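Comments concern the structure below.
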Amino acid sequence: MQINYINNSSEASWRAYQKYLKPILKETLRLTGNQEQVSVNVVLVDDAEIHTYNKDFRDIDRPTDVLSFEDGETEDGIFQMGDIIISVDAIRRQATDYEHTLKREFCFLVAHGYLHLLGYDHHTPEEEKEMFGLQKEILNDIAPKND
């Protein structure tokens, strides 16, 4: 399992959150029945940078909280999941809005991104129920709701 953690946010405090990436990925893979030989990139950015990604790749002219760019190739026996881009500004905003800790919101967005890279989505009520149910299970022990 390889996780590349890139902090483009210019805030050193986010380095401390790197320790949650592997436990979240392990639990995500376990619950979805996927292999552990994977590689993924997690990139932290600010709202301005994620706004640019959102406009360039989705033609949506505003910032968002998390974007997932699926790779899906297998190279040397390692499944290349892709890239997850997360806005640290959105983490702060949503932690306040949902009355979560920064840890909980960070972990939630990471789990959300991992699931997207594994093919899960939330376009229909059924898909949303499945994906959000998995997120809840993934985070139960790592970042409980009242953590």
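Placing a pseudo-label 7 Å from each Cα along the Cα-to-Cβ vector at Ile78 and Ala16 gives an inter-label distance of 2.9 nm. For the chain, the percent of C-alpha pairs falling in each 10 Å distance bin, counted from 0 to the bin holding the largest distance, reads 11, 43, 38, 8, 0. Note on surface exposure: Glu70, Glu11, Glu128 rank Glu70, Glu128, Glu11 by accessible area, highest first, 1.4 Å probe.
Residues whose amide H falls under 5 Å from that of Asn7, counting only those 5 or more places apart or on a different chain, are Leu44, with hydrogens built in the peptide plane.
Placing Asp121, Asp61 in order of accessible area, with the largest value first and a 1.4 Å probe, yields Asp61, Asp121.
Measuring only protein heavy atoms, the 1.4 Å probe finds Arg30 accessible over about 150 Å².
Past 25 Å, Cα to Cα, is the threshold; run Lys26/Lys136; Lys55/Lys129; Lys55/Lys145 against it and keep the listed order. Result: Lys55/Lys129; Lys55/Lys145 exceed 25 Å. Taking each DSSP H run with n ≥ 4 as -39500 (n - 2.57) and averaging over every residue of the chain yields -15000 deg cm²/dmol at 222 nm. Annotation: Phe132 carries an accessible surface of approximately 80 Å², with a 1.4 Å probe and no ligand, DNA or RNA atoms counted.
Could you report the accessible area of Tyr98 in Å², rounded to 10, computed with a 1.4 Å probe on the protein chains as they sit in the structure? Number for this one is 140 Å². For the residues His112, His123, a 1.4 Å probe over the protein chains yields an accessible-area ranking, largest first, of His123, His112.
The values are calculated or read from the model by the stated rules, or taken from the named source; none is laboratory data. In this text the structure is predicted, and so the values were computed from the model without any measurement. Using ideal geometry, Cβ is built from the backbone for each residue, glycine included, and neighbour counts are taken over all protein chains shown. Please note that ligands, DNA and RNA were not included when accessible areas were found on the heavy atoms of the full protein model with its side chains. Shrake-Rupley method; radii C 1.70, N 1.55, O 1.52, S 1.80 Å.
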